[in-house]
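These notes concern the structure reproduced below.
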């Protein structure tokens, strides 16, 4: 008898592949981390292939895993579309989406075409704002669905993906123990600013804030051009133009941070499950397209 792949195993596998972490994947599929690990073991036994490799950075796909991810996404999409077709439900009406300001240009470029293809009869409205403001708008009912950055102590929505946050500098900038450390500070109400200020407040060093901006891309440009160091998400690092503050440099211990920025999908209670799944898939595919463009 031919081996059949379980869609639930594939759904969990996709969650692990897209979030890069067993813990985040477990939260998305509403299972324990141990249960997710067991499912991945079972899937590898069924396929006869090593699909995942674990490291200190999280979980990465093998070549076989990359093949299975593409096929799994297609199978899950076909299953979802089939059920929608059989139920006679055509997703229509109006939904207001919230997208974090610093990711708006990239996500509208990649997300909106995907959404239009998946939901041609949906009237979409997009609101750009800081994650903390988007949470308030979701609670107030002025936004239906939003991507927001995770916050310590707040567990909301569906985890989508995560990325590391690091103190970075340009190779052009030489730090000296005899001079204040030049800092580029994000001037906005968000976790990045909070973590930056917490590091500086706890540091026994001299520093000077030489650049501020409410736009995260401007902070990144200040770093690329050697004006200052800053705390930036991994997606804003540029190969060859930025590097983490290295152990061989002054203040390395001060500017070592083991944090990850998690992005969650939050939505109104009672939102149609098929709608949420389709939209989350569009956001994830947009994120993957963005990663492939930036690498």
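If I filter the range 34-51 for residues that are outside any helix (DSSP H, G or I), at pLDDT 90 or above and under 25 Å from residue 283 (Cβ atoms), do I get at least one hit?
yes
What is the residue count in the range 160-186 for residues that are in a loop (DSSP other than H, G, I, E, B), in contact (Cβ under 8 Å) with a residue 60 or more places away in the chain and closer than 20 Å to residue 200 by Cβ?
Counting residues in the range 160-186 that are in a loop (DSSP other than H, G, I, E, B), in contact (Cβ under 8 Å) with a residue 60 or more places away in the chain and closer than 20 Å to residue 200 by Cβ gives 4.
Among the strands (runs of 3 or more DSSP E) lying completely within the range 86-159, list those that include at least 3 residues that are surrounded by fewer than 21 Cβ atoms within 10 Å (Cβ to Cβ).
Where strands (runs of 3 or more DSSP E) fall fully within the range 86-159 and carry at least 3 residues being surrounded by fewer than 21 Cβ atoms within 10 Å (Cβ to Cβ), they are 93-100, 122-129.
For the range 1-40, give me each residue that is more than 21 Å from residue 273 (Cβ to Cβ), touching a residue at least 40 places away in the same chain (Cβ under 8 Å) and over 15 Å from the mean Cα position of the chain (by Cα).
3, 5
For the range 224-238, give me each residue that is more than 19 Å from residue 190 (Cα to Cα) and not in a loop (DSSP other than H, G, I, E, B).
Selection gives 224 alone.
Criterion first (at pLDDT 80 or above, surrounded by 15 or more Cβ atoms within 10 Å (Cβ to Cβ), under 28 Å from residue 157 (Cβ atoms) and under 16 Å from the mean Cα position of the chain (by Cα)) does residue 232 satisfy it?
In short, yes.
The values are calculated or read from the model by the stated rules, or taken from the named source; none is laboratory data. Just so you know, these numbers come straight off a predicted model, no measurement behind them. As a convention, Cβ positions derive from the backbone with ideal geometry for all residues, glycine included, and neighbour counts pool all protein chains shown.
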